[in-house]
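Asks: What follows is a structure written as structure tokens; I'll ask about it next.
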Amino acid sequence: MCGFAVAVGWPEAARTVGRLIAGIVHRGDVTDPVATPAPDVAMCTRRLCIVDRDHAEQPQASFDGSLLVSFNGEIYNYAALRRELEAIGVRFRTASDTEVLANALRVWGYKAVERLSGMYAFVAYDLKSGEFLAARDPFGIKPLYVLQAPDGGFLFCSEIRPLLAAVEKLDVLLLPPGYLLTKEYCVRSKSLVPKPVPPWQKHDPKALDGILAEAVASHLPPDLPFALLFSGGIDSTLIAHYARRLRPEAPGYFVGETTAPDYPFAAAYAETTGFDLRRVAFDPESDAVFDGLSEAVAVSESFEPNLIRGAVCSLAAAKRIHADGFRVALCGEGADELFCGYGVLAKAFRDGGDDARPVREDCLSMMHRISLQRVDRCSMAHQVETRVPFLDPSVANYALNLEASALVHGPDGAFVDKAPLRGLYDLYPRELPRLIR
């Protein structure tokens, strides 16, 4: 997790990239050296050191040195991809997921993106051809913005404001989630989350239990402590449940007062399981909330009301998590969009018809501009990498291919939102309080 800046075909490339990096220093703790593979090309990363912290300096080169990659995010299946590459003779210098990405792109070309499970944005530069490839994960968990000059130059950065400060007369564009960009084209890439097609599947609680457990496990940092963003609701409680089966010491952070409507649910889970629940003081009626709005707008780079309301709380949580010494956190974003937790989605699937799935597609397509933008900016403002297990390809594919009735009807046939997730509580009656379900 980090932030990066890349210039391709840009005058004063190194100087410009240096200015961009200066605008995103909050996203990491180490600024890697600026690489200048050509006079008008520069690449630099502000790195939050997590995977192979001592050797993962960017840009990472492919095994033959012909490809350089600047990368933001985490590739959760990088160990499996590494084994596959090693089996065909590729040798590695580091244990980083960025080097796996560089070698995968060198061996498989752009089709390597179809194999990636993770949250990512990257720019790869080919030293021989002078071409570049930029890409972003299917849901847009990680950001990537770009300026394109009239003469064909490109300038990339992980946030918007540094680009605005660097160049006054060009529009800042975003690379859409799940897209590839080169000098010649911008197209949607195939991914591990293909468009769902019928026949729709029946719900199997035990199957979902295994899928979600494995997804959460893959998102846990193997050699670092981590925190949990915890509201006491259905989604964050499930993430906490599966994470703590492997790492019971992980604490959860609840934002609000003991009088908050959600607090009794969070407290019930903590009392039932011995969860280390840490409350972040937050009085919604205080002047501090309104004083924090300008910071929320500046940090999140948005005026969207839904984003800003959440950002005020998210900033408070990230600040406390960072102060307690954590670099990684897990959250429950994506569950409402996938499993119909919003009223408009639940109603659409209850009523059936052809309109339900496009409505959900619309909700998912907006995440990168609202909830996921909030998660990225607010956590990275305090050097915390927040991971979203519900958006793992295995979980997303399961939800997207369920038959409509399974999403909104419980075992007794009564209408209820997020029915598959509620049903998981029946599998663990001693660990998941019934009142939360």
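The values are calculated or read from the model by the stated rules, or taken from the named source; none is laboratory data. Every value quoted in this text rests on a predicted model; they were computed, and no experiment measured them. Because the Cβ atoms are built from the backbone with ideal geometry, glycine has one as well, and the counts that use them run over all protein chains shown. To get the accessible areas, we keep the full protein, side chains included, count just its heavy atoms, and leave off ligands, DNA and RNA. Shrake-Rupley method; radii C 1.70, N 1.55, O 1.52, S 1.80 Å.
Asks: Evaluate segment 218-233: report whether one residue or more is among the small types (Gly, Ala, Ser), open to solvent by 40 Å² or more (accessible area, probe 1.4 Å) and closer than 22 Å to residue 140 by Cα.
Replies: Within segment 218-233 (the criterion being among the small types (Gly, Ala, Ser), open to solvent by 40 Å² or more (accessible area, probe 1.4 Å) and closer than 22 Å to residue 140 by Cα), the answer is yes, since at least one residue qualifies.
Asks: Those residues that are open to solvent by less than 60 Å² (accessible area, probe 1.4 Å) and either charged (D, E, K, R) or under 17 Å from the mean Cα position of the chain (by Cα) (or both), I need them from segment 184-217; list them, please.
Replies: Those that are open to solvent by less than 60 Å² (accessible area, probe 1.4 Å) and either charged (D, E, K, R) or under 17 Å from the mean Cα position of the chain (by Cα) (or both): 191, 193, 209, 212, 215, 216, 217.
Asks: If you don't mind, another one. Select from segment 94-153 the residues that are of a type in the set (D, E, K, R) and assigned to a helix (DSSP H, G or I) and write down the one among them that is farthest from residue 11 (Cα to Cα).
Replies: 115
Asks: Within segment 39-69, count every residue that is assigned to a strand (DSSP E or B) and closer than 20 Å to residue 163 by Cβ.
Replies: 7
Asks: Do we have any residue at all in segment 51-68 that's more than 23 Å from residue 226 (Cβ to Cβ) and of a type in the set (Val, Ile, Thr)?
Replies: Scanning segment 51-68, I find no residue that is more than 23 Å from residue 226 (Cβ to Cβ) and of a type in the set (Val, Ile, Thr), so the answer is no.
Asks: Follow-up. If a residue has to be of a type in the set (D, E, K, R) and over 15 Å from residue 159 (Cα atoms) to count, how many in segment 343-384 make the cut?
Replies: 9
Asks: Would you check if residue 237 is over 30 Å from residue 161 (Cα atoms) and touching a residue at least 24 places away in the same chain (Cβ under 8 Å)?
Replies: yes
Asks: Could you please let me know if residue 270 is open to solvent by less than 20 Å² (accessible area, probe 1.4 Å), more than 26 Å from residue 408 (Cα to Cα) and free of Cβ contacts under 8 Å to residues at least 40 places away in the same chain?
Replies: For residue 270, the condition - open to solvent by less than 20 Å² (accessible area, probe 1.4 Å), more than 26 Å from residue 408 (Cα to Cα) and free of Cβ contacts under 8 Å to residues at least 40 places away in the same chain - is met.
Asks: Looking at 296, 240, 250, 260, can you tell me which residue is surrounded by 20 or more Cβ atoms within 10 Å (Cβ to Cβ) and not in a helix (DSSP H, G or I)?
Replies: 250 is the lone residue from the list that is surrounded by 20 or more Cβ atoms within 10 Å (Cβ to Cβ) and not in a helix (DSSP H, G or I).
Asks: Being within 26 Å of residue 19 (Cβ to Cβ), open to solvent by less than 30 Å² (accessible area, probe 1.4 Å) and touching a Phe, Trp or Tyr at 6+ places or on another chain (Cβ under 7 Å) narrows it down to one of 155, 181, so name that one.
Replies: Exactly one of 155, 181 is within 26 Å of residue 19 (Cβ to Cβ), open to solvent by less than 30 Å² (accessible area, probe 1.4 Å) and touching a Phe, Trp or Tyr at 6+ places or on another chain (Cβ under 7 Å), namely 155.
Asks: Could you tell me which residue of segment 29-38 is least open to solvent (accessible area, probe 1.4 Å), considering only residues that are at pLDDT below 95 and outside any strand (DSSP E or B)?
Replies: Residue satisfying both the conditions and the ranking: 32.
Asks: When you scan segment 16-23, do you find a residue that is surrounded by 24 or more Cβ atoms within 10 Å (Cβ to Cβ), in contact (Cβ under 8 Å) with a residue 60 or more places away in the chain and of a type in the set (Gly, Ala, Ser), even just one?
Replies: no
Asks: Answer yes or no as to whether residue 303 is open to solvent by 60 Å² or more (accessible area, probe 1.4 Å) and either assigned to a helix (DSSP H, G or I) or at pLDDT below 95 (or both).
Replies: When the stated conditions are applied, residue 303 passes them.
Asks: Quick one: count up the residues across segment 278-290 that are open to solvent by less than 40 Å² (accessible area, probe 1.4 Å) and touching a strand residue (DSSP E or B) at 6+ places or on another chain (Cβ under 8 Å).
Replies: Here the count works out to 2.
Asks: Taking segment 176-203, which residues are out of contact with any helix residue (DSSP H, G or I) (no Cβ under 9 Å at 6 or more places or on another chain) and over 14 Å from residue 111 (Cα atoms)?
Replies: 183, 184, 185, 186, 197, 198, 199
Asks: Given segment 335-437, what helices (runs of 4 or more DSSP H) lie entirely inside it while holding 1 or more residues that are surrounded by fewer than 23 Cβ atoms within 10 Å (Cβ to Cβ) and without any contact (Cβ under 8 Å) to a residue 60 or more places away in the chain?
Replies: Counting at least 1 such residues, we get 343-351, 356-366, 404-408.
Asks: What are the pairs with Cβ atoms under 7 angstrom where one residue, in segment 176-188, is assigned to a loop (DSSP other than H, G, I, E, B) and the other, located anywhere, is open to solvent by less than 60 Å² (accessible area, probe 1.4 Å) and of a type in the set (Ser, Thr, Tyr)? Sequence gap at least six, or different chains.
Replies: Here the result reads 178/189; 178/191, each pair linking segment 176-188 to a residue that is open to solvent by less than 60 Å² (accessible area, probe 1.4 Å) and of a type in the set (Ser, Thr, Tyr).
Asks: On the given criteria, is residue 329 of a type in the set (A, V, I, L, M), within 21 Å of residue 224 (Cα to Cα), assigned to a helix (DSSP H, G or I) and open to solvent by less than 30 Å² (accessible area, probe 1.4 Å)?
Replies: No; evaluated as a whole, the condition is false for this residue.
Asks: Here is a further query. Name the single residue, out of those in segment 313-326 being assigned to a helix (DSSP H, G or I) and open to solvent by 20 Å² or more (accessible area, probe 1.4 Å), that is farthest from residue 249 (Cα to Cα).
Replies: 313
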